[in-house]
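Notes follow once the structure below has been shown.
The values are calculated or read from the model by the stated rules, or taken from the named source; none is laboratory data. All values reported here derive from a predicted model rather than from experimental measurement. Cβ sites come from the backbone with ideal geometry, for glycine too, and all protein chains shown count toward neighbours. Ligands, DNA and RNA are stripped out before the accessible areas are found, and what is left, the full protein with its side chains, is counted by its heavy atoms. Shrake-Rupley method; radii C 1.70, N 1.55, O 1.52, S 1.80 Å.
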Amino acid sequence: TKQTTKQLRKLNAACFPVSYNENYYREVVKRQNDDLNKFAYWNGFVIGAVCTRVEPIPESTNNRSRLYIMTLGVLAAYRGRNVGTKLIGSILEYFESNRNVGELTTVDEIVLHVQTSNDDAIRFYTTRFGFEQGEMVENYYRRIDPPHCYVLSKKLR
Amino acid sequence: KPGDLALGRQPLPKKEADLFKTVVKHYEMKKYKKGIKLADTILKKFPNHGETLAMKGLTLNCLQKREDAHALVKKGLMNDMRSHVCWHVYGLLHRSDRNYNEAIKAYKQALKIDPENLQILRDLSLLQIQMRDLDGFAVTRHTILTLKPNTKMNWLSFAMAKYLTGDLRGAVSVIDIYLGTLTPGSPELERGFESSELAMYRNFVLARIPKNHMEALDHLEACKSVVVDEGAWLKGKAHHQLQLGMHKEAKETVLAMFRRGMTEDYAVHSAYMCCVLELDPESCERALVLKGTGTVATMIPLTSEQKQKVWASHKEELRPMMARSPAAQRVPLTLLEGDEFRKAIDAYCQKSLAKGVPSLGSDLSSLYLIVKNNLFVRALDPVDVASHPTYQLIVELVDGYLESLKKITKFSPDNENEQSPSSLLWTWYLRATLHQQVGEFSEALKLTELCLEHTPTAVDVYELQGSLLKGAGDIDAAAECLDKGRELDKQDRYINNLTTKYMLQANKNDIALQRISLFTRHEGNPEQNLFDMQCTWYELELAACFARKQEWGKCLKKYAAVVKHFDDFHEDQFDFHSYCIRKVTLRAYTDVLDFEDHLWGQPFYGVAAEGIINAYLAIFDTPATAMAEAEPDYASMTPAERKKAKAQARKKKKALEKKAMSQAEEAKKKNEDDQNGNKKKVASVVDDDPNGEALLKLDPLEEAKKYAARLVKYSPKRFSTWICQYDVSIRRGKVLMALQALLKANVLDPESSEIFTRIVEFSQKYPKVEGLHSTVKEVLTSESPALLEGKSLAEYVAKTTEHVRSDSLASLPMKIAVAEANIATQSQSVPEALSLVVDTGLKGRGVSTDSCRTALQLFKKYGDEAAEAKSEWIAKVKERYPLIASFE
């Protein structure tokens, strides 16, 4: 909610090398979808978060769309405890039980971008959830090195 | 006689008399407009009818037309002085003005005319109890009871009156006679809430009779079948048994309480210890009213055998009964010694850290007990805490955890349990609180930084960091830190309020108001809302903030608001006089009466009253400060500066005027809107004196005297009461009152620096006061030597100096006071006197950034002579508190 965005900012600042601007958070709040944007709590404190949105598949003509994972972050001290798995799992579960409801009816796949050097993340998505590594997008990031990323995706229907 | 009718004394004809009854009924039903209409109908025919005039007035009063009401009621009364109705109405009117003494007089007048009017008697009795005219109350309740002996309320009220006038036996027998009037089988004699409360009240009164615990105990057994409040019944029983020295029986009762589920009540654990140790009645009495986690074991130092005895019986008897009780796990920490103690506290810490208990640090701090006059007191000063063996033990344990956690994520190498990441967080947090307890703020802050790197979303860490920064002497940074924590979760009211408090302490009252307004009602003026909510802590902090800024008017205004709240609290009891009796909550009612009797002795009231006194004394000492807000000191400026300052002042004034005008307009507009939109809505309250100008115009010494007198009456056991009383009296030239205040304060805390400073001041001042009456002089010469312990002033100062020099832990405020005294009595040169502070100031007790600042003020006062001492002091303090802000 609007009241707790600061927690998300703090968390993301601690997890990612890139910083997200005010607009990004405003958008997350505006969409108000509690099932696609979640905090993970450990002993009362926020220690991880996932933010997802539904967006049209680019260059598709038939009005199909996809789930796009914008961020998934867990504080360093709490990694290796399946927090990320639970967060992604909850998104997938939500999709499974609502696949024919509302905006999810047109969703075909789940997609994210990952920095080419981030082997841990790539392994996390491919081995745990069966994502497939797709094309490399060059110069996706501006201020970090390497600036390239892979597209990871998984067909949902 | 027709003349009587013209004068308004005659009874009305039947038709109008009926109308009049309806007027009264409408008043009671709160249909005021209808009532006035009917009253007017009667008055058309009989314009002078006294009772009707009075009733109309009373009804108008309920429609906020106070002045018209008074005029009408008075007119009515003048027209018909022999009517009890008129007098009654006159009394009611005074009552609604809270003018109770006048109201009582009017009621009594009404009763002279109609001595058996129950309505008036009841109203009178309420006022009498409100004003604590207890004898009068007893008489009135007796009259009512004689008139109407078949009403339960009348019996209970009379019993209460007997109790309040100290006739305890009488109260018991009134209850007994009442119970005797009931027919057997009546529901009033069966088990139920009301009969239970009455029985417990009777027992409470019985126990109040000196040496009467046996009868009280027998009565408890006798009334067991009607009592529903079993917890209180058991507590009472245990209490009586302990007072009678029946320790074995008492223990059975205590065990019954534990079985009932009262395992988390430390008072019950304390009672258990009383039984096991077979303590004397007087100790038991004290042991049963301890607060928080206090028990016998934290009240008095027990011998090893005693501890062993309690521990053995605790282990055997209580443990199996309440394996999961947190209280039962904590109590042994106060009983064990040596290695067993170490093991117990180790387990306790590990468990709480794994759980994540933020209050663990302060929980443990209640274990730092030191013996004073054969009693335990908490060690609070950093020096005492640091040297306490329990503190040292805990530090050792926690350091061990940290080392091990970092290496193998376990509390210790031989521990089996792998710890979750949050355990490390909480262990750092605990270590930081331990640093804080001994004033090691920089070390603590390093740890909170680690915590925030680890979990930047941990709100509690921001709170701790804020209080660390405050302790380290940088209140601005502290407030900012809390604000950061607050932003994490704007729905968290606790941290929002804490931020507000820190902002006020950092003199940022505008931001503070913004912060707290997030949680007040959103319509209307937040400041007014806070007043309506009686938000005392905010008003006290704000007043202190204005005092620091020397904005005395606004400061007094806020303190006055708190005083008003207390007047309201006192007023609030009115409704309980009849309500509590009707509901038979007699025990709770005696608590309420007792609370109200000591209302002005409450700490918050004391803070407000002292704040007011100090503000007025500051105004008195430097009358210019009250005006300083308006007029800067032009005399000290160069002509060019003066011109500039004047221009600025003009501009400022204009801007202020403009602002005030636009505000007034806005308020007016709003008022109009309100009236147009919704006529029923009460117009919003507009404060026409937001800066407290009216309070500044009062005579400062008179006002200060008023509040000091109230403190003397209601808080005579508070040390600072007498300090205030002295400060006020000496300025008023009341030498004897000042002397008395000093003697009283000296008994309460002879080691305080504040009393020492004033004794020296007094001894220098009073011989110079002229025009004293000879008897006053006599008293002074016979009583004042006691202050100086029979020595001359010089000897007294020298002796205290010696005492402070030889005591390595003497407090910093005391050293400051001694240095000042030596300079004031010219016993020592300035550098010599100040060396006491500079050389040993940071080594003893009472060292905080605040007391360091006080010392700095002292050095500044003596200018060049103290320059060297000052720079040395600044350097030393900065070494100890590297973060201290604006310390130059």
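See the values below:
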{"quantity": "Probe 1.4 Å - accessible area at B:M321, Å² to nearest ten", "calculated": "80"}
{"quantity": "Convex hull volume of chain B per residue (C-alpha atoms, cubic angstrom)", "calculated": "253"}
{"quantity": "Hits among lysines - C-alpha to C-alpha of B:K717 under 16 Å, sequence gap 8 or more where chains match", "calculated": "B:K744"}
{"quantity": "Accessible-area composition of chain B, carbon plus sulfur, in percent [1.4 Å probe]", "calculated": "54"}
{"quantity": "Dipole-positive endmost among B:T757, B:C275, B:Y589 within the protein assembly as shown (Cβ charges, Cα centre)", "calculated": "B:Y589"}
{"quantity": "In nm, spacing of pseudo-spin labels at B:R66 and B:D699 (7 Å Cα→C-beta vector)", "calculated": "2.5"}
{"quantity": "Directionally averaged projected area (convex hull, Cα atoms, the stretch B:368-460), nm²", "calculated": "7.2"}
{"quantity": "Cβ-defined net charge surrounding B:L179, 14 Å radius [Lys, Arg +1; Asp, Glu -1]", "calculated": "-3"}
{"quantity": "The protein assembly as shown: antiparallel DSSP beta bridges as a percent of all, rounded to 5", "calculated": "90"}
{"quantity": "Accessible area that becomes buried as A packs against B, both chains, 1.4 Å probe, Å², nearest 100", "calculated": "1600"}
{"quantity": "Relative contact order of chain B, pairs being alpha-carbon contacts under 8 Å that are 6 or more residues apart, as %", "calculated": "6"}
{"quantity": "Accessible-area value, B:C223, 1.4 Å probe, nucleic acids and ligands omitted, Å²", "calculated": "10"}
{"quantity": "Spatial extent of the protein assembly as shown: Rg and Dmax, with the Cα atoms as the point set, Å", "calculated": "36.7, 115"}
{"quantity": "Cross-link partners of B:K309 among lysines (Cα-Cα below 29 Å; sequence separation of 8 or more within a chain)", "calculated": "B:K235, B:K237, B:K248, B:K251, B:K291, B:K343, B:K351, B:K372"}
{"quantity": "Of every Cα-Cα pair in the stretch B:728-819, the percent that sits beyond 17 Å", "calculated": "50"}
{"quantity": "The stretch B:727-865: relative contact order in percent, alpha carbon pairs under 8 Å with at least 6 residues between", "calculated": "21"}
{"quantity": "Within straight-line cross-link reach of B:K37, aspartates and glutamates at Cα separation under 20 Å, skipping those fewer than 8 residues along the same chain", "calculated": "B:E16, B:D18, B:E28, B:E51, B:E67, B:D68"}
{"quantity": "Compactness index (Cα Rg / 2.2 N^0.38 Å), the stretch B:162-222", "calculated": "1.13"}
{"quantity": "Using θ = phi - 60° and Karplus 6.51 cos²θ - 1.76 cosθ + 1.60, couplings along the stretch B:414-430 (whole Hz; Gly, Pro as x)", "calculated": "8, 8, 7, 7, 6, 9, 6, x, 6, 4, 5, 3, 6, 6, 4, 4, 5"}
{"quantity": "For the stretch A:3-148, projected area of the alpha-carbon convex hull averaged over all directions, nm²", "calculated": "9.6"}
{"quantity": "With all protein chains modelled, accessible area of A:T126 [1.4 Å, Å²]", "calculated": "40"}
{"quantity": "Chain B - charge dipole about Cα centre, Lys and Arg +1 at Cβ, Asp and Glu -1, debye rounded to 20", "calculated": "3660"}
{"quantity": "Charge context of B:A824, other residues only, Cβ under 13 angstrom, K/R +1, D/E -1", "calculated": "+1"}
{"quantity": "Residue-averaged [θ]222 nm for chain B, counting only DSSP H segments that reach four residues, each worth -39500 (n - 2.57)", "calculated": "-22500 deg cm²/dmol"}
{"quantity": "Simple label model, 7 Å out from Cα along Cβ direction - A:R123 to B:A794, nm", "calculated": "8.7"}
{"quantity": "Directionally averaged shadow of the stretch B:563-608, computed from the convex hull of its alpha-carbon atoms, nm²", "calculated": "3.0"}
{"quantity": "Rel. contact order, % - alpha carbon contacts under 8 angstrom, at least six apart, the stretch B:1-152", "calculated": "15"}
{"quantity": "Entries of B:K508/B:K554; B:K33/B:K65; B:K549/B:K705; A:K30/A:K155; B:K508/B:K564 with Cα pairs more than 18 Å apart", "calculated": "B:K549/B:K705; A:K30/A:K155; B:K508/B:K564"}
